[in-house]
Each structure stands twice: as structure tokens, then as C-alpha cells.
Amino acid sequence: MRKHPFTRAVAVVALVSLIASCVPTRLPPISASGATFKPKRDERRLWERAREEERKLLKEVQVYQDPLLVDYLDGVVGRLNSEGMAANPELGYRLTVIEEPTLNAFAYPHGSIYVHTGLLARMQNEDQLATVLAHEMTHVEGRHMLRWQRSARNKQIGLGIASIVAAVIIAGEEGEAIERRDYGRAARIRVLSDILVGLGLQLAILAAVNGYGRDLEREADMGAFDKMARAGYDLREAPQVFKQLQDDHGDRGKLETFFFGSHPQLANRVENAEQWLDSHPAPPGDAAGDPGEFARRIRPVIRDDARLNMDLGRLKLAENQLRRALAMMPGDPEAHFLLGRLRQMQLEAEQDGARKAELRGEAEASFREAIRLDPERPGPHRELGLLAYRAKDYATACVQFRHYVDLDPKAPDAGRIRDYILELERDGRCG
């Protein structure tokens with residue numbers, strides 16, 4: 001049953017009132033002690049709780065498998081890291097990429113940082129990427145989760161309210177998606193709800209959904225800008241990150257704004273960046289990273305995130321991503337294959353006959369280009385076979401279906417495709 005907006009508002013106000021009434025406990029950042037840093041007793045308990053949550057989380061999410069991408073992200077973190085933080089013997093940063101098209105990044109207090117492919121795919125350069133990573137690093141270095149926990153009058157009630165708020169808002173978003181018959185998005189929202197709320201991952205809810213309140217989030221932004229400046233990144237790109245996420249081709253849902261932007265709102269983060277720039281007018285230094293390496297490592301993420309967005313029916317966003325990926329590497333057969341699939345999806349929804357014929361031709365051209373670039377790739381042959389069959393070009397369909405099962409005889413649908421071939425041969429349609 002969909003939650004009433006008033007119920008959601010009351011829950012949000014309850015959380016905001018709780019956080020606002022608590023003054024954060026002052027604690028020095030980990031970097032201030034350097035090699036002599038020792039966590040407090042309740043801090044160690046918090047880390048252990050975080051590690052336990054992380055184990056649950058990793059059993060449920062799909063980790064994006066790209067070791068060279070992780071190496072690259074680790075390199076950016078290394079450039080941003082302060083000497084004092086790097087010298088402490090108790091914890092270090094560890095990056096994990098989650099295959100998930102929503103816009104999100106969050107950090108656990110023991111140094112684990114999670115970034116969704118959806119957010120990585122929106123980054124235009126390493127300076128923007130550094131903006132996101134440095135913010136999460138500052139949460140860890142500044143001990144923000146511990147400070148938030150200590151500031152709550154009753155930490156169990158505080159985290160409980162955070163969980164309730166997340167459950168209410170996510171349920172409302174799911175209901176709205178179902179009302180609009182956006183079932184793909186509703187399913188994605190259910191996955192997020194099951195992981196964060198259903199498993200009771202309260203620390204993840206705090207870090208990834210609700211945030212630590214305006215003051216600590218502002219501190220994380222300012223700390224991030226300081227890190228970027230020391231590493232030589234162009235701070236002018238920082239506000240562009242948040243402006244871009246506000247726009248995002250008009251294809252971004254409310255839940256994504258909530259997940260990445262509500263701690264604090266994206267408009268507040270733009271303001272924070274612009275204030276920092278006004279008070280630090282020095283020109284940017286030399287480029288801190290290699291633009292070519294950024295493109296090499298992020299291009300597959302953009303392409304693969306397009307596939308996830310296609311599954312959600314967000315075709316406009318997926319097309320923009322595929323065009324960007326192909327601009328980076330025109331010879332990527334997988335990107336051409338996905339573009340053909342996207343044209344097929346558009347073809348299925350199109351009513352105009354002339355436009356349908358145009359989309360069919362574009363889909364066929366994309367599949368043939370994928371085959372030209374990688375003759376051993378079976379998928380495009382299957383799709384060409386289906387396109388030909390539906391156009392009553394049975395001879396071509398038969399040829400393409402045979403190529404498909406020859407290249408991938410153990411494909412999950414190989415038996416079904418062999419049935420099609422038998423039917424075509426029986427009816428004398430294979431030419």
C-alpha cells in the first residue's frame with residue numbers, strides 16, 4: 001500500500017528535528033594523530049558493526065568486476081589522501097564498485113568506500129570523480145559517523161528513525177513508479193529497499209541515504225575541496241558535478257535525487273563549492289590525472305551502465321551513454337550490439353510505420369557492425385535472425401540462427417533457436 005505524502009513528511013521532519021537538536025561531539029580527524037592514532041573504544045565497536053553490515057551488503061549487491069578500474073580509483077584516492085591519514089596504522093581506504101545505475105556513493109567508518117556505476121558513468125573527467133571520492137574520504141577521516149552517533153541523544157532510536165524514514169520514502173517512491181506503470185524502476189526500488197531496509201543495514205542507511213546533517217556534510221564538502229586543491233585538481237569542476245546531476249538529461253527519478261543529493265541537497269553542494277572557489281581565487285594547477293586513463297577506465301562503465309538503464313526502460317539516458325562510449329571507442333562491438341538492442345526496444349514501442357522501418361534498419365546496421373568488429377560474437381546473429389524473421393526474410397533468418405547456435409551451442413535459448421531452424425527447414429524457407 002502506498003504511503004501518504006503527509007506520513008512521509010512527518011517521518012522526515014522527525015529525523016531532521018532529531019539531528020538538528022544534537023550538537024556534534026568535537027573529535028580531531030584521524031589524520032591529526034598520524035602514526036599515533038588509536039580509535040576510541042566505542043569507535044572500535046562502530047567499526048566492527050560496520051564490518052558486519054558490509055559482509056551482509058556484499059552478499060546482496062552485484063560487485064562490478066573490473067580490477068583495472070579499481071586500481072585507477074585507488075590511484076585517485078592515493079593522490080587525494082593526506083599524509084597524516086596515510087600514516088595511521090589502524091585503517092586505510094578500500095574501493096568497491098557496485099553494478100547499480102542509481103546515483104550513489106557512500107563510505108563506512110572503517111574506510112570502505114562504495115561507488116555505484118550509475119554515478120561513475122555520469123563523471124566527465126577525473127576532477128569530477130575526485131570531487132565525489134574526496135567527499136566520502138573526508139567522512140572517514142573526519143570520523144563523521146562516530147560524531148553523529150555520539151551526538152544523538154539515543155543512538156539506537158536515532159538509527160531506528162533513519163531506517164523508518166528510508167523505508168517510508170522508498171515505499172512511496174515505489175508506489176509512485178507503479179502508478180506510472182514504470183515497473184522496471186519499481187523493481188529497482190524494491191531491490192534497494194530490500195538491501196538497505198530489509199537487512200537492517202542502519203549504518204549504510206545513515207551513510208548512503210540520510211547523511212550526517214547539514215553541518216557535517218558541509219564539512220565533508222569543504223574537506224574534499226581542500227584535498228582536491230592539494231592534489232592539483234581543478235576545483236571549478238566541483239560545482240559542475242552537482243549541476244550535472246541536477247539536470248541529468250531530465251531522465252533521473254526522485255529516488256536517485258534522494259540517494260545522492262539529499263545529504264545535503266544538490267543545490268547546497270553547488271553553493272558550498274562556489275563559496276570555496278570565491279574564497280580561494282588562485283588559478284588551478286596542472287592536471288592531476290591522465291585524461292586518457294580516465295577515458296579508458298570509465299568508458300566500459302558508461303557502456304555497461306547503459307545496459308542497466310535499458311533494462312529499466314530509461315532509453316534516452318541509455319542512448320546518450322552509448323553515444324558517449326562510442327565516441328571514446330568507435331570500435332567497441334559490445335556498444336554497437338547494445339545500440340542495436342536499444343533500437344529494437346524503440347522499434348517495439350513505435351507506432352509510425354516509416355519510423356519503424358528506419359529503426360529496423362538502424363538496428364540491423366548496428367548488429368552487422370558488431371559482427372564485423374567481432375565475428376565470433378553470437379548475440380548479434382540471434383538478433384539479426386529475429387529481425388529478418390519478423391520481416392519475413394526467412395532465408396536470412398535461417399542463416400543468422402545457424403550462425404548463432406554454431407557460435408554458442410550451449411546458449412540458454414539454443415534449443416529454442418534450433419526449433420526455429422527446424423521449422424524453417426521443414427517449410428522450405430531456408431532457401
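The values are calculated or read from the model by the stated rules, or taken from the named source; none is laboratory data. Quantities reported herein were computed from a predicted structural model and do not represent experimental measurements. Here Cβ is always computed from backbone atoms with ideal geometry, including for glycine, and neighbour counts include all displayed protein chains. The area values use the complete protein model at the heavy-atom level, side chains included, leaving out ligands, DNA and RNA. Shrake-Rupley method; radii C 1.70, N 1.55, O 1.52, S 1.80 Å.
If I go through region 309-363 residue by residue, how many of them are of a type in the set (S, T, N, Q) and farther than 27 Å from His116 by Cβ?
Qualifying residue count, region 309-363: 1.
When Asp413 is tested against the conditions (1) more than 30 Å from Lys316 (Cβ to Cβ); (2) at pLDDT 95 or above; (3) surrounded by fewer than 18 Cβ atoms within 10 Å (Cβ to Cβ); (4) of a type in the set (Asp, Glu), the lone failure is (1). Listed by first and then second residue, the pairs with beta-carbon distance under 7 Å, at least 6 apart or on different chains, first residue in region 306-334 and in a helix (DSSP H, G or I), second among the hydrophobic types (A, V, I, L, M, F, W, C) and open to solvent by 40 Å² or more (accessible area, probe 1.4 Å), are Met310/Met345; Leu315/Met345; Pro333/Leu373.
Pairs under 6 Å by beta carbon, first residue touching a residue at least 60 places away in the same chain (Cβ under 8 Å) in region 412-429, partner surrounded by 12 or more Cβ atoms within 10 Å (Cβ to Cβ), six or more apart or different chains? Every condition considered, no pair remains. Scan region 111-131 for residues that are outside any helix (DSSP H, G or I) and either hydroxyl-bearing (Ser, Thr, Tyr) or touching a residue at least 24 places away in the same chain (Cβ under 8 Å) (or both) and the total you get is 10.
Here region 246-265 is the region considered, the condition is being surrounded by 21 or more Cβ atoms within 10 Å (Cβ to Cβ) and either among the acidic types (Asp, Glu) or at pLDDT 55 or above (or both), and the residue that is nearest to Pro101 (Cα to Cα) is Glu256. Taken residue by residue, region 380-396 has at least one member that is within 20 Å of Gly313 (Cα to Cα), part of a helix (DSSP H, G or I) and either under 34 Å from the mean Cα position of the chain (by Cα) or in contact (Cβ under 8 Å) with a residue 60 or more places away in the chain (or both).
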